[in-house]
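This report concerns only the one structure given below.
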Amino acid sequence: MIQSVCILGSTGSIGQSTLDVIARNPEKMQVYALSAFSRIKLLAQQAAQSRAKVVVVPDEAALKSFKSAWNSPHPMPEIRLGTEGLKQTAADAAVTTVMAAIVGAACLEPALAAAQAGKRILLANKESLVAAGGLFMQAVRDHGAQLMPIDSEHNAMYQCLPLEAQCSAPTAPYPTIQRLLLTASGGPFRQTDAAALHYVTPAQACNHPNWSMGRKISVDSATMLNKGLEVIEAHWLFAMPAEKIQVVVHPQSIVHSMVEYLDGSILAQLGQPDMRTPIAYGLGYPERIPSGLGLMDLMQLGRLDFSEPDFHRFPCLKLAFDALKSSQAACVALNAANEIAVEYFLNEQIRYTDIAILIAHSIEQVEKNTYDLSHLDAVLDLDEQARQIAKQYANTLRAAH
Ligand code: NAD
Ligand code: MG
């Protein structure tokens, strides 16, 4: 059966790579729906090229922009709006496969809708799992959805799992796994002095040495909060306690992560730092399909290095471990406050070093109360509350500079 794919966030870095892989495998898959929040002209080009049947845009203004940007002899796709449009499309009966590649917690509701509709979900977005991993994994189990991690590290671990442990949403760790070894490049500031970090700019933070990604995840990689989010992501995907997830700094980004078994074997997945490999794995599973990558020259590479992360220079990584050990409310606040902090940093309204301060403050405030986060509405409420706390504090910090 030909897969009919919905790409949530098609204009982003992951979205564009997904379109590239689909175009290389037309006999196995086709695009059904695309979505974008901005860059509507690009969305119109993508929809014309891929012959998408449906597009989702945020509002009426974007709908008008889409119509005026449409410049193709083919029929214009149906245009749906907002979060409701995203949810409807992710659950659409005509869709077999959903690529969840919207950035931030905004992906949570449509990804959940895909899970509730029992789709094959290629999950690039990690913020949904950080905010509501328990709810999301339960929905996957309850509705027989097929969940494939696309984040390169988790995709690597998934590839290193025994077959019977794949395509499941486990409630306990696979019994013979001792540890997950989560690799981290260390980002652009791996060797930057603590004092100099105070003055780094958004352009420097977005200049990742190995990966080309959207701006938010690039800043997350620079603070290493990205790795913290990934620890929480691994916790939910593989039902693994924080103590059994070790972050290993590996500056070459060739070993994408490893699984260590009871007998001492460590299985790793290696590859070039290009998201088309995990995307092709997810789209092709259980087959291997072409991704557009050439051969990797290990001789040219020469060596692979591994070292310990520095929690002092990267306090965000510690905040994430602590949040995971502390409570789901702390994880919601960690993610929400970070989204606000990164936005303020990218707009040059706060400093790079303020990001960790803002997150710590928001977690502390939120943890003064207790919450029942077993329902989506409660998670969304707390997410909004944490955003307000973070914004207020960001404005104070901004005024102080
Ligand atoms: P990006 O910023 O390049 O693209 C984000 C996409 O989401 C765009 O299409 C944008 O229009 C859409 N979007 C943004 N805000 C939205 C909102 N409020 N509602 C609906 N749509 C919205 O981001 P990216 O780098 O492609 O990353 C996407 C997700 O994948 C993130 O969660 C990121 O952590 C994860 N991820 C990315 C990479 C990578 O290499 N880029 C690797 C691993 C995981
Ligand atoms: Mg990653």
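The values are calculated or read from the model by the stated rules, or taken from the named source; none is laboratory data. All values reported here derive from a predicted model rather than from experimental measurement. No Cβ is skipped: glycine too gets one built from the backbone with ideal geometry, and neighbour counts run over all protein chains shown. To get the accessible areas, we keep the full protein, side chains included, count just its heavy atoms, and leave off ligands, DNA and RNA. Shrake-Rupley method; radii C 1.70, N 1.55, O 1.52, S 1.80 Å.
Within region 311-321, work out how many residues are open to solvent by 80 Å² or more (accessible area, probe 1.4 Å) and in a helix (DSSP H, G or I).
Qualifying residue count for the region: 1.
Please verify whether E339 is without any contact (Cβ under 8 Å) to a residue 12 or more places away in the chain, out of contact with any Leu (no Cβ under 7 Å at 6 or more places or on another chain), assigned to a helix (DSSP H, G or I) and over 30 Å from E27 (Cα atoms), treating the condition exactly as stated. Spell out the reasoning first.
Numbers: without any contact (Cβ under 8 Å) to a residue 12 or more places away in the chain: no; out of contact with any Leu (no Cβ under 7 Å at 6 or more places or on another chain): yes; assigned to a helix (DSSP H, G or I): yes; over 30 Å from E27 (Cα atoms): yes.
Answer is no for this residue.
Restricting to region 361-401, count the residues that are under 22 Å from F311 (Cβ atoms) and open to solvent by 40 Å² or more (accessible area, probe 1.4 Å).
Total meeting the criteria: 3.
Can you tell me how many residues in region 120-135 are farther than 17 Å from G228 by Cα, touching a residue at least 60 places away in the same chain (Cβ under 8 Å) and buried (at least 24 other Cβ atoms within 10 Å of the Cβ)?
Result for region 120-135: 1.
For I102, which of the numbered conditions (1) open to solvent by less than 10 Å² (accessible area, probe 1.4 Å); (2) in a loop (DSSP other than H, G, I, E, B) fails to hold?
(1)
For region 297-310, state whether one or more residues are outside any helix (DSSP H, G or I), over 19 Å from A394 (Cα atoms), modelled with pLDDT of 95 or more and aromatic (F, W, Y).
yes
Select, from A47, A69, A91, A61, the only residue that is out of contact with any Asp or Glu (no Cβ under 9 Å at 6 or more places or on another chain), crowded, with 23+ Cβ neighbours inside 10 Å and free of Cβ contacts under 8 Å to residues at least 60 places away in the same chain.
Values: A69 fails: crowded, with 23+ Cβ neighbours inside 10 Å; A91 fails: crowded, with 23+ Cβ neighbours inside 10 Å; A61 fails: crowded, with 23+ Cβ neighbours inside 10 Å.
After applying the criteria, what remains is A47.
Answer yes or no as to whether A139 is assigned to a loop (DSSP other than H, G, I, E, B), hydrophobic (A, V, I, L, M, F, W, C) and away from ligand 1 (no atom under 16 Å from the Cβ).
Details: assigned to a loop (DSSP other than H, G, I, E, B): no; hydrophobic (A, V, I, L, M, F, W, C): yes; away from ligand 1 (no atom under 16 Å from the Cβ): yes.
No; evaluated as a whole, the condition is false for this residue.
All but one of (1) within 24 Å of the chain's Cα centre (by Cα); (2) closer than 30 Å to L229 by Cβ hold for A62, so report the exception by its number.
For A62, the failing item is (1).
Just the residues that are polar (S, T, N, Q), open to solvent by less than 50 Å² (accessible area, probe 1.4 Å) and more than 23 Å from the chain's Cα centre (by Cα), please, taken from region 168-202.
T192
What are the pairs with Cβ atoms under 7 angstrom where one residue, in region 206-223, is assigned to a helix (DSSP H, G or I) and open to solvent by 30 Å² or more (accessible area, probe 1.4 Å) and the other, located anywhere, is within 12 Å of ligand 2 (Cβ to nearest atom) and not charged (D, E, K, R)? Sequence gap at least six, or different chains.
I217/N226
Just name the residue that is farthest from ligand 2 (Cβ to nearest atom) out of those in region 206-229 that are farther than 12 Å from F189 by Cβ and in contact with a Pro (Cβ under 7 Å, 6 or more places away or on another chain).
In the first step, residues of region 206-229 are kept if they are farther than 12 Å from F189 by Cβ; the result is 210-217, 220, 225-229.
Checking which are in contact with a Pro (Cβ under 7 Å, 6 or more places away or on another chain) leaves us with 210-211.
Values: N210: 11, W211: 8 Å.
Across region 206-229, the extreme among qualifying residues is N210.
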